[in-house]
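Take a look at the structure set out below.
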Amino acid sequence: MQLITIAVLGVVLAVIAVLHFVKAFRDMNDPNGIPGPTQIPCLGRIHDLPIEFMWLKFKEWADKHGSLGFYRTEMLGAKFIIITDEKVAEDLLIKRAKHNSDRPVIRSLFDSKSAHGSMEYLPLMGRNQYWARQRKLTHSYITDATNAQYHGVMNFEAKRWLARLIENPDNFQASLEDMASKVMCQLTWDDPTLSEYCTKSAWGLLTQMSPAGPITNVLTPLWHLPMPLNPWKRAERKRHDEQQAWWMDRLLSVREKMGRGEMRPCWTRQFLEKTSLKTSISGDYEASSVIGMLALVGIFTVAGPLSYWLVTMVHHPEWQAAVQREIDEVCEGRLPTLADTPNLPILRACIKETMRWKPNVPTGVAHETEADDPGWPTYQEPLTQFPSIKGMSSFGWGQRQCLGMSLTQDELIIACGSLAWCFTLKPKKNPMTGQDIPVSLTKSNSLLIIKPDPFEMAFEPRSEKRRQEALRLWEEAEAADKQARADFVNGARTGSIPHVEAKRPSPGVPITVLDVKKQEVMIQVNRVNSY
């Protein structure tokens, strides 16, 4: 009798489970709702969304379900609206930005949204008080640097890079990233020797925040395992603490040099000397985080597009030749500078087309809704202003648009223009067969911000005269930089340069811990091009 009772109970529970599953299935796949791929209760579509190159699956679904300019899907209970049309993105993320400008939680980071006062990752923060004040500071610093043409830092590092490419062309991918990192380390801390660790830190954070990074970004319940049983959380604790300590050490080092009168201008000095007296930034920890994050993001946004520029030029030599002709005519034999930008529309057009053809953020960065809310231009004038990469989908939308568009565009103009001035970019020859070694158009990593997989290519100086000129320019620039640094330190010691004290801000107000419940719907902009 007892076995019969248990069997009957089991059947009843099974029937209830089946009915619940059927009801959930019908609710998730309401034919009158937003179109999208068939959803499975609890799973959504997690079972067939690949970790690598997931934007191709988004594109496949878009072709089938995205006729309205968007479609819906779910992943382990998280609801997504995938936007496939720029006009829809503009409507939802710009015109109705007040509803759609939050960020979803990045599970494999500690307090990614700063909902509990971490104050560490500006691009990932929720739309809260920390985001507002850090965004204001970042915008101010980048605008000032842009207006000052980055104090010559980009031209200086471009000269260094050309010399490194001449001396060791096979190491071009490492030197490319190091150039982008040195630019940011100079602007941030006036110290290009920090670039190696800064680059390592940048890619470490990018990996941690990407769906193709730790499995806990996809199978999110694993993140909640106890620390002794959680290798992902232990690894992130180590990475996080090292990064934050390094950022803080940089700020303290600048403060120490300021005390000795040996710190040249940079963003960190600007904060300690001036901004800290009038900002709502809470103190050293938050300041070191927002400034450090600014340095890291400047690496992400340049290294990917610049790497794809190399791929583009190898595959389209006719456009490489057009860029070279334009630079030769406009610059009359000299290395291009930012002052030449208005007169280099072909260069700017090729940079823009590279970023359209190979967007370095193919899935976009997700927005999260805060309230219920349900053509590509080919020619513009004047040519002194257009084409421009500003406003492209790679930089995001609305209140979440990347603040570094001008910095990215200017650095790409300097780097790509310098390459065109010095080299002809070609496929590398196989020494055994004499055949061209293919440069893949499809192989890349699968992080949130992508770059090509390692490849081989040749950097052929356009002439021996141009090669010698590039080496001479770097030799002179390096000598001048060393002399300027020595003169600054000597001037501080002799009193000819005013002594600067790093002023400390008054104690800040207590940190408010936010606890705002919001509808868990994330809006993802997906721009995928055919490969």
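Miscellaneous remarks
- Packing around the peptides 217-225, 270-278, taken as the average count of other Cβ atoms within 10 Å per residue, puts them in this order, highest first: 270-278, 217-225.
- Per-residue SASA entry for residue 99, accessible area with 1.4 Å probe, Å² rounded to 10: 50 Å²
- Shape of the range 1-56, Cα gyration tensor, a/c cut at 1.5: oblate
- Of the whole protein surface, residue 460 contributes about 90 Å² of accessible area at a 1.4 Å probe radius.
- Average Cα contact separation per residue, the range 82-187, under 8 Å, 6 or more apart, as relative contact order %: 13 percent
- Prolate/oblate/rounded label for the range 132-241 (Cα gyration tensor, a/c 1.5): oblate
- Nonlocal amide H pairs with residue 263, under 5 Å, H built at 1.01 Å: 258
- Centroid-to-centroid separation of the range 445-465 and the range 59-112 [C-alpha atoms, Å]: 32 Å
- Phi-based couplings in Hz for the range 277-289 (Karplus 6.51, -1.76, 1.60; Gly and Pro marked x): 7, 9, 9, 9, 4, 6, x, 4, 5, 5, 5, 5, 6
- Couplings 3J(HN,Hα) of the range 417-426, computed from phi: x, 5, 4, 5, 5, 9, 10, 10, 8, 9 Hz, in residue order, whole Hz [Karplus 6.51 cos²θ - 1.76 cosθ + 1.60, θ = phi - 60°; x for Gly and Pro].
- Looking at the chain, the accessible area is 47 square angstrom per residue; that uses a 1.4 Å probe and ignores ligands, DNA and RNA.
- Carbon plus sulfur fraction of accessible area for the range 317-461, probe 1.4 Å, in percent: 56 percent
- Accessible area of the range 42-128 belonging to carbon and sulfur atoms, whole % at 1.4 Å probe: 56 percent
- Shape of the range 21-108, Cα gyration tensor, a/c cut at 1.5: rounded
- Table column - 3J(HN,Hα) (Hz), the range 54-65, Karplus curve with 6.51, -1.76, 1.60, x for Gly and Pro: 5, 5, 5, 5, 4, 5, 4, 5, 4, 4, 8, 10
- Under a 5 Å amide H cut-off, with hydrogens placed 1.01 Å from N, residue 458 pairs with 426, 428 among residues at least 5 apart or on other chains.
- Accessible area of residue 127 in the full protein assembly, 1.4 Å probe (Å², nearest 10): 70 Å²
The values are calculated or read from the model by the stated rules, or taken from the named source; none is laboratory data. If you're wondering where the values come from, they're calculated on a predicted model, not measured in any experiment. As a convention, Cβ positions derive from the backbone with ideal geometry for all residues, glycine included, and neighbour counts pool all protein chains shown. Note: accessible area is taken over every heavy atom of the protein model, side chains too, but ligands, DNA and RNA are not part of it. Shrake-Rupley method; radii C 1.70, N 1.55, O 1.52, S 1.80 Å.
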